[in-house]
1. Out of everything in segment 54-91 that is in contact with a Gly (Cβ under 9 Å, 6 or more places away or on another chain) and surrounded by fewer than 16 Cβ atoms within 10 Å (Cβ to Cβ), what residue ends up being nearest to S41 (Cα to Cα)?
2. Every residue in segment 1-16 that is modelled with pLDDT under 90 and either among the polar types (S, T, N, Q) or surrounded by 12 or more Cβ atoms within 10 Å (Cβ to Cβ) (or both), please.
3. Take Q46 and tell me if it is within 25 Å of D235 (Cβ to Cβ), of a type in the set (S, T, N, Q) and out of contact with any helix residue (DSSP H, G or I) (no Cβ under 7 Å at 6 or more places or on another chain).
4. H72 passes all but one of (1) farther than 23 Å from E247 by Cα; (2) touching a Cys at 6+ places or on another chain (Cβ under 7 Å); which number fails?
5. If we only count helices (runs of 4 or more DSSP H) wholly inside segment 132-204, which ones have 2 or more residues that are in the same structural domain as Y22 (by TED's automatic domain parsing) and at pLDDT 90 or above?
6. Being touching a strand residue (DSSP E or B) at 6+ places or on another chain (Cβ under 8 Å), within 26 Å of E199 (Cβ to Cβ) and at pLDDT 90 or above narrows it down to one residue among F49, F21; which is it?
7. Inspect segment 25-35 for any residue being part of a loop (DSSP other than H, G, I, E, B) and among the charged types (D, E, K, R) and give the result as yes or no.
8. Being surrounded by fewer than 17 Cβ atoms within 10 Å (Cβ to Cβ) and either more than 17 Å from E70 (Cα to Cα) or hydrophobic (A, V, I, L, M, F, W, C) (or both) narrows it down to one residue among L211, L202; which is it?
Amino acid sequence: MKEDKNNDKSLMQKTSIEEGFYVLRCQNDTTAVVQEQKAVSSDFIQFHFCIKGHGEFLFNAGNYRFPVEEEHNILLFNPQQDLPINLELQPNSWMVSVIISIKKFHSLFSQDADHIHFLSPENTSKKYYDTAIISPSMAVVLSQILNANVHQSMQALYLKGKVYELLSLYFNKNEDANSEQCPFLVDEENVRKIRKAKEIVLSQMEEPPSLQALADEIELSLSKLKEGFKQLYGDTVYGYLLTHKMEVARRMLESGKYNVNEVGLKIGYSTASHFIAAFKKKYGTTPKKYLLSLSS
């Protein structure tokens, strides 16, 4: 069973903030690569935040690809030509995008244009691309934007406030995470610890620690680890690990360098039958049949 691109139904939700200013939320919780397209003219600035998984933006009819990895963001602006969104979002990946016209953007920073160097008069006609790591404070706000746990009637207003908050954090280059005045300090520290937990379980995927041992190592309570991990990554710790292991297994099979038994052992399964059962549950086919499908 080859992975197909899912174009049948858009997963991208658009919410207007103001005229010339909107947010896109896309959660691909399927096992297929999802392709999303949206026209964007040259007078808009694009901010794309990959919260989970990864994706690629395709330009020039797919001849140029701009990847964005988990916990990273990219900024795209090209006043010389339109940059339509053509996004390939991988399975189990989440993306939040903020699209804002340059006119609206200037109005937000009219008093601080020197702080944003691509807003200076000599740069307004130049294209600008940037990529950076999503800070813990931004991760908190992005999670709130993606989930938007408010009544439907209040959602637009809620998202407006959160998107403004996100942009202020994005351009706050002097952010001091250790400052006692920082209102996000507690959440930021929790985000750092949960990210560390993710790194630990992925680095030890063959023999992962128990949840309690993991909580002790990152110095967080078990309940906060469970709650925070679910909020940040949309899955339980072991559910996230299983998805990662199956993705690693799939890539190993596709490489043609390993047989089914070797793949199972390398990702931590003591018996081939347990690996085969887990793979079939995830992808709906056995590793052997998946291998055969690659050559067909």
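1. P67
2. Correct list: M1, E3, N6, N7, S10, L11.
3. no
4. (1)
5. Correct list: 136-147, 155-170.
6. That would be F49, the only listed residue that is touching a strand residue (DSSP E or B) at 6+ places or on another chain (Cβ under 8 Å), within 26 Å of E199 (Cβ to Cβ) and at pLDDT 90 or above.
7. Yes, because at least one residue in segment 25-35 is part of a loop (DSSP other than H, G, I, E, B) and among the charged types (D, E, K, R).
8. L202
The values are calculated or read from the model by the stated rules, or taken from the named source; none is laboratory data. The structure presented is a predicted model; accordingly, all values stated were derived computationally and were not measured. Neighbour counts are summed over all protein chains in view; Cβ atoms, including those assigned to glycine, are modelled from backbone coordinates with ideal geometry.
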